[in-house]
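The values are calculated or read from the model by the stated rules, or taken from the named source; none is laboratory data. On a predicted model such as this, the values are computed, not experimentally measured, just so you know. Here the Cβ positions follow ideal geometry from the backbone for every residue, glycine too, while neighbour counts run over all protein chains shown. Quick note on the areas: whole protein, heavy atoms, side chains included, nothing else; ligands and nucleic acids left out. Shrake-Rupley method; radii C 1.70, N 1.55, O 1.52, S 1.80 Å.
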Amino acid sequence: MLPRILKNGAIILGENLVADGFDEKPFRIVSHFHADHITELSKSIKKSIGIIATPATLEVLNLDYNIPPRKSFSLNYSISTHFEDEVLTLERAEHVFGSCQVLVKGKDGVTIGYTGDFKNPVKGTPVLKSDILIIESTYGSEKFRRTFKADVDDLFYGYVNDALTRGPVIVYSYHGKAQEAMLLLREMGIIAPFITEGKFTKITEIAKKYGYNIEGVFDISSSEGKEAVKSGWYVEFRHYNDFKKRTENGTNFVLSGWEFGSAVRKVDHNSYVVSFSDHADFDDLLYYVDNSPASMIIVDGGRKGHAMELAKAIRSRLGRKAIYMP
């Protein structure tokens with residue numbers, strides 16, 4: 001069976017399985033908890049037999065959705081499970097915690113791989129061994145290259161460490177990416193208290209439960225959080241969309257995947273954009289495909305991205321058979 005990508009972003013992976021969008025299939029796979037991969041999830045919960053994801057992803061989804069236990073299918077990485085005549089395996093993807101790639105073997109023996117969103121191919125995201133590969137295309141245009149990506153982590157740490165000598169730091173980021181940033185800063189030596197609020201606190205607790213070693217995180221309403229804010233020495237994490245409401249209090253860092261000019265760019269006297277992305281850039285996408293054994297590449301055009309350009313580059317640069325859908 002040739003997989004299909006529908007206009008609503010749903011990826012048809014077999015007779016019984018659909019990923020990251022709604023379709024009248026018995027089972028829906030969720031590759032990770034970001035908004036463009038959980039569209040119409042309520043409809044899927046109502047009409048499907050089950051929602052399939054990693055344990056961490058299911059737990060985050062249940063912060064906003066009531067997935068009945070009888071419809072929750074929690075699968076760990078690299079464990080193959082039969083769904084009727086099809087065999088499903090979720091594999092690790094370096095994106096946000098709980099993210100997965102999807103591998104489906106049909107009753108005809110053909111294997112279909114779907115990357116979902118990822119970065120750091122081979123080293124951080126294993127390349128699926130499939131006959132057909134469906135790959136994301138967020139940064140699928142040649143203009144989206146980060147020649148400096150090896151330097152981002154060190155520079156981000158250095159800027160934050162320096163800013164903490166002058167006062168509080170506020171980091172603006174999306175859910176999932178914020179926890180990646182917390183883990184990075186802790187591993188590199190930042191010991192200042194981390195301050196969170198609301199859903200950021202809940203998602204951070206789930207990340208810690210599933211292996212993120214992030215200590216010293218306090219909700220802003222807690223006594224520890226209030227004391228840290230009072231001291232003026234802390235790193236606070238807020239949603240990306242709040243950056244436009246930033247204040248003069250402290251140093252602001254917004255984590256953006258759409259910064260390709262430099263690793264860190266100053267936007268005003270106390271605010272910076274950091275090129276901190278959870279997606280593969282153009283070169284990484286080609287590198288993944290170049291290491292894939294697939295005989296057919298399908299580029300996912302069901303979400304915001306550059307599917308047509310990536311498919312063209314795969315054909316012209318790698319000499320591989322590639323199309324894009326829808």
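Things worth noting here:
- Every pair of residues 6+ apart whose Cβ atoms lie under 7 Å, when the first sits in region 188-214 and is farther than 21 Å from V169 by Cα while the second is at pLDDT below 95 and surrounded by fewer than 15 Cβ atoms within 10 Å (Cβ to Cβ): none
- Contacts under 7 angstrom Cβ, first residue in region 127-151 being polar (S, T, N, Q), partner part of a strand (DSSP E or B), 6 or more apart: S130/L103; S130/T111; S130/I112; S130/G113; S137/V299; S137/D300
- Scanning region 290-326 for residues that are open to solvent by 70 Å² or more (accessible area, probe 1.4 Å), closer than 15 Å to L128 by Cβ and polar (S, T, N, Q) yields a total of 1.
- Residue check for G14: open to solvent by less than 10 Å² (accessible area, probe 1.4 Å) and at pLDDT below 95: yes
- Selection within region 101-137 - more than 15 Å from V289 (Cα to Cα), part of a loop (DSSP other than H, G, I, E, B) and open to solvent by 40 Å² or more (accessible area, probe 1.4 Å): K107, D108, V110
- Of the helices (runs of 4 or more DSSP H) that lie entirely inside region 152-264, those containing 1 or more residues that are among the polar types (S, T, N, Q), surrounded by fewer than 17 Cβ atoms within 10 Å (Cβ to Cβ) and modelled with pLDDT of 95 or more span 152-163, 223-231.
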